[in-house]
Amino acid sequence: MIVLMLKYTDLISQVFSVSESQSNEFTRHYETMTAFHSRIDNNLTEGSVIFIGDSHVQGLAVAAVTDKAVNYGIGNDTTVGVLRRVKEYRSLSKSSAVVLEIGFNDLRFRSNTEILTQYNQILTQLPDNIGVVLCAVHPVGQSKHDLFNHRIHALNGELRDLSQQFDHVTFLDVFEDKLAPGGFMPADYQLADAIHLSKKGNEIWISALRKSLENIR
C-alpha cells in the first residue's frame with residue numbers, strides 16, 4: 001500500500017510539473033503580445049515578411065532587414081508558444097517569406113529531441129509555398145558557455161538536418177564561423193547578459209538575413 005501511494009504521489013508530481021512548466025511559458029506578456037499581433041495581423045498587406053521568435057526577434061530592427069518586415073517576436077517565448085500562435089496568423093498565407101528564430105528558452109523546459117519535435121510541427125504548419133529562413137539558436141557568451149553551448153551546438157546541427165527535409169526552408173547559422181576559440185560568442189557581439197545580441201551582433205545578423213531573403217524571394 002505504501003509503495004502504491006508513493007508511486008501515485010510521484011505520478012501526480014510529474015503531472016503537476018509538466019502543467020506548471022507549460023503555464024510558465026504562457027506569461028502575461030505572451031498573452032498581451034499575441035492579442036496585439038492578432039490586431040496587427042488583420043490588416044497586413046500581401047507580400048509581408050513575417051519575423052517570428054523570442055526576444056532576439058522582438059529586439060531586432062526588422063525594418064533594417066526589409067521594408068516589408070513585420071515583427072512577431074515575443075520575449076521569453078518557446079517553440080510551444082510559437083506553435084500555439086502561428087496557427088492564428090492568417091497573414092502567413094499571403095506573406096512573401098517567414099523568418100523563424102526560437103529555441104533558446106526551450107532549454108529550460110525540454111530536451112533537444114523534444115525541441116526538434118516542436119520545430120518539425122511548426123515548419124509543417126507554415127505554408128509550403130513561401131520561403132522560410134530558419135535561424136540557428138544563437139550561442140551564448142563565455143560566462144554561460146558551460147551551461148548552454150554544448151546543447152545549442154548539437155541542436156543547431158539537428159535543425160540544419162531538419163531544414164533539409166523541407167524544400168522551402170533555408171537554414172541560417174550566422175555565428176557558426178564567428179565564435180571565439182573556446183566555442184562561445186565573442187563579447188563584442190553580445191550584451192552584458194551574454195545572451196542577447198549587441199549592436200554589432202545584430203548588424204551581422206541583419207546583413208545575413210538580407211542575403212538569405214534575397215535568395216529565396
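Read-outs throughout are calculated quantities, based only on the coordinates presented, and are distinct from any laboratory measurement. Everything numeric in this text was worked out from a predicted model, so none of it was measured. Please note: Cβ atoms are built from the backbone with ideal geometry, for glycine as well, and neighbour counts cover all protein chains shown.
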Exercise for the section: Would you mind telling me which numbered condition in (1) assigned to a helix (DSSP H, G or I); (2) surrounded by fewer than 20 Cβ atoms within 10 Å (Cβ to Cβ); (3) touching a residue at least 40 places away in the same chain (Cβ under 8 Å) LEU159 fails? Expected result: (2)
Handout entry: Set GLU176, GLU203: member being in contact (Cβ under 8 Å) with a residue 12 or more places away in the chain, surrounded by fewer than 15 Cβ atoms within 10 Å (Cβ to Cβ) and closer than 28 Å to SER95 by Cβ
Key = GLU176
Handout entry: Enumeration of residues in the stretch 47-99 that are in contact (Cβ under 8 Å) with a residue 60 or more places away in the chain and under 20 Å from LEU197 (Cα atoms)
Key = GLY53, SER55, HIS56, GLY59, LEU60, ALA61, ALA64, VAL65, THR66, VAL99
Fill in the blank from the handout: Counting only residues that are crowded, with 19+ Cβ neighbours inside 10 Å and more than 16 Å from the chain's Cα centre (by Cα), the stretch 50-84 contains a total of 4
Fill in the blank from the handout: Scanning the stretch 115-127 residue by residue, the ones that are more than 14 Å from the chain's Cα centre (by Cα) and over 23 Å from VAL65 (Cα atoms) total 2
Problem - Lone qualifier among ASP193, ASP146 - being in a helix (DSSP H, G or I) and either of a type in the set (S, T, N, Q) or surrounded by fewer than 19 Cβ atoms within 10 Å (Cβ to Cβ) (or both) - result: ASP146
